[in-house]
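These notes concern the structure reproduced below.
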Amino acid sequence: MTDTLLPNGMKNSRGDSNYFRKGCNPFAQTGRSKLQNKRASLNQQIIKEMRMRAGAENLLKATSNNKVKEMVLLELSYVNANLQLLMGQLEGLNSSVEVYQNTHETANIPLIPLGLKETKEINFSTPFKDFILEHYSEDGNSFEDEIADLMDLRQACRTPSRSEAGVELFAKYYSHLPLMESRFFAPNRQTGIFFTWYDSFTGVPVCQQNLSLEKASILFNMAALYSQIGTRSDRQTIVGLQEAISSFQKAAGVLNHLKETFTHTPSYDMSPAMLSMLIRMMLAQAQECLFEKTALPGIPNQFYSLMKMAQEASKVSETYDQVHQSMIQTPVKDNVPLFWSTMSQVKTNHYRSMAHYFVASALLDHQLGPNDDEDKQEKTLSQVYDRLPEGRSPLDILKKKDERERIGKAHIRRAILGHEEALRIYGLCHHLNKLEILEDILKASHQRSLKKRSENDEEEFTDYTEAPDIISKTEHKAEMEVPATTKVKVSDFFQRLVCGLLISFHSHCCFFVHVGWCIQQVTADGLKEGDYIVAVGDTDCKWSGVSDVMRLLKDVNEEGIDIQVVSMMDSNPPMPTKSATFCGNLPKTYSMICLAYDDDDKNPKSRKVTKKSSFLSWGLKNKLKSASTLSLPTADHASTQPWNKPYPTFPSSSSYNNDSVLY
């Protein structure tokens, strides 16, 4: 086998060597693998409930017996209730972000990764061998190793390691898909191969014979893996923060490529609205990491540095507010985890409050002295505010001590209120309550603002001056980045199939007529431009050079000679067959093919699928204030972090359906 490692001592299914493919680890027993295991199990339960619901709905339409109808309606109520419970459990998996975080003695605010989409195992062997014999007139059994390599590569993509090697594994398989499509997926012939992928948010299966779903799902998982790499990065170091920033920007770039290239995906998690929200979330987390990178060395306790950090924090708050607004829009709000939208609200308030704290510190801790640049401070302050309280100017605030203190205290009040709101929202989501580190950081920020107020002798709210909003501004804006590994150069597994001489019919048409060759074609449509000559008479010329083939053709007598050609399939296939229903109420959305297909019945002849119109159209396209520096609030724990606590043990993989994933 290609691309194998030998250090783990695990035997493959054929027992010919000890290996597993580079970039995957199918035997991992980490918290992340257990979550994926649980996701696979939930997917199987969801599809079974949906099959029951589909059968009950069909029976309800077919029967006219009132008693039967009552029984069916009762059964439907139970099935729908079970589906809601399963959807809730799946939402809980998407909210279990603690196992993805990096563990460190001083931890940061947790980030949100994407979970990998699950798929079923596929056997390419019989369909590909039949097609090779029918279309290429080759013995399919001679390509067993190539087919096995392809299947191993796809199987490895179900258990990628959380590293660049895992991303390269996805990229390698993604690069093989166009080659496989051009060779085996004829537009006018069904292969009988069904690609089934489960929605990462709802568990709803989508099943198609078209490779477009496979390509889109691989891209989604590539973006998800980048988000997990970014979440795991050590954000207490510059190197770790840079890795996180790059990973989230690449995740956004891959998601944007997916959105622009595959424009009508039947899976809800890859719908344009959901992808737009996910792109915003990845960029917001990249912006948050950029802010942390700026603050990591320490924030100089100087007027200009504090004002700069206030605008940087305001930028992070603004990006998370945009994420939250996209999460509460229809139809995204119906299926986005509550944990995600709550976390975006918490961060919106938290970073906005930090911005007000920095401005308050700049105004209260630093007075305009004779050696200070008055014009520069006035310009800086005017660029921070979108408006000023009526009757006040930036210069008045800077020069007049009373005005400076009044506005500074107003900012402290807004910081305190904002932190209290963040803590209140935190308490509303039970999934957030598992993140003790987040609560500690929010409380530390709140206490720091309260301490700042007490230092400035404000016992009561005697002044109701409203602090102005802070204009968001950043020197380093998070941008989408399409990674170079989206596509990589690969060696075609099936390059032995067509390696003949490419010859242009039009450029030799007159020569054919004058010489009077008799061409007995093997394709139904006749010899055409782009065909491959693989044999001249009894001579195999797959590996012959141009001069050798031309010599064979020139030696033809008046009786002519038979030549064999192989025609490449049409590069512009018609629209793929629709294989899924799609409606506004997502729990009603399911794949008719997938529900009709029995997992225990592996005979493809038993599947009866009604062809529908096309559904996919693929486009082209802790230190508080010190004399010199300030730092971000953190939570210091001598003990292990919450995500290092013993995790509930899930059922063993042997109890799962054979189609479940072990990662």
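The values are calculated or read from the model by the stated rules, or taken from the named source; none is laboratory data. Bear in mind the structure is a predicted one, so any value in this text is a computation, not a measurement. Just so you know, the surface numbers come from the protein's heavy atoms only, side chains and all, with ligands and any DNA or RNA stripped out. Shrake-Rupley method; radii C 1.70, N 1.55, O 1.52, S 1.80 Å.
Computed quantities for the displayed model
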| item | result |
| --- | --- |
| Rounded to whole Hz, the Karplus (6.51, -1.76, 1.60) HN-Hα couplings of segment 417-427, x for glycine and proline | 4, x, 5, 5, 5, 4, 5, 5, 5, 4, x |
| Ser64 - accessible surface, heavy atoms, 1.4 Å probe, Å² rounded to 10 | 110 Å² |
| Exposure of Asp457 as accessible area (Å², to 10), given a probe of 1.4 Å and all protein chains | 130 Å² |
| Solvent exposure ordering (accessible area, 1.4 Å, most first) of Leu395, Leu364, Leu338 | Leu338, Leu395, Leu364 |
| Surface share of carbon and sulfur [accessible, 1.4 angstrom probe, percent] for segment 320-432 | 44 percent |
| Accessible heavy-atom area order of Arg352, Arg51, highest first, probe of 1.4 Å | Arg352, Arg51 |
| Solvent-accessible heavy-atom area per residue, rounded to whole Å², over segment 108-257 at 1.4 Å | 26 Å² |
| Cα gyration tensor shape of segment 50-183, rounded if a/c is under 1.5, else prolate or oblate by comparing a/b with b/c | oblate |
| Cα-Cα over 29 Å, subset of Lys129/Lys259; Lys347/Lys452; Lys308/Lys443; Lys399/Lys477; Lys293/Lys400; Lys293/Lys489 | Lys129/Lys259; Lys399/Lys477; Lys293/Lys400; Lys293/Lys489 |
| Per residue accessible area in Å² of segment 326-374, where ligands, DNA and RNA are left out and the probe is 1.4 Å | 35 Å² |
| Members of Lys22/Lys473; Lys250/Lys473; Lys69/Lys117 lying beyond 32 Å, as alpha-carbon distances in this model show | Lys22/Lys473; Lys69/Lys117 |
| Percent carbon-and-sulfur accessible area, segment 237-282, ignoring ligands, DNA and RNA, probe 1.4 Å | 59 percent |
| Karplus 3J(HN,Hα) series, Hz, for segment 195-204 with 6.51 cos²θ - 1.76 cosθ + 1.60 (x for Gly, Pro) | 9, 10, 10, 9, 5, 6, 9, 10, x, 5 |
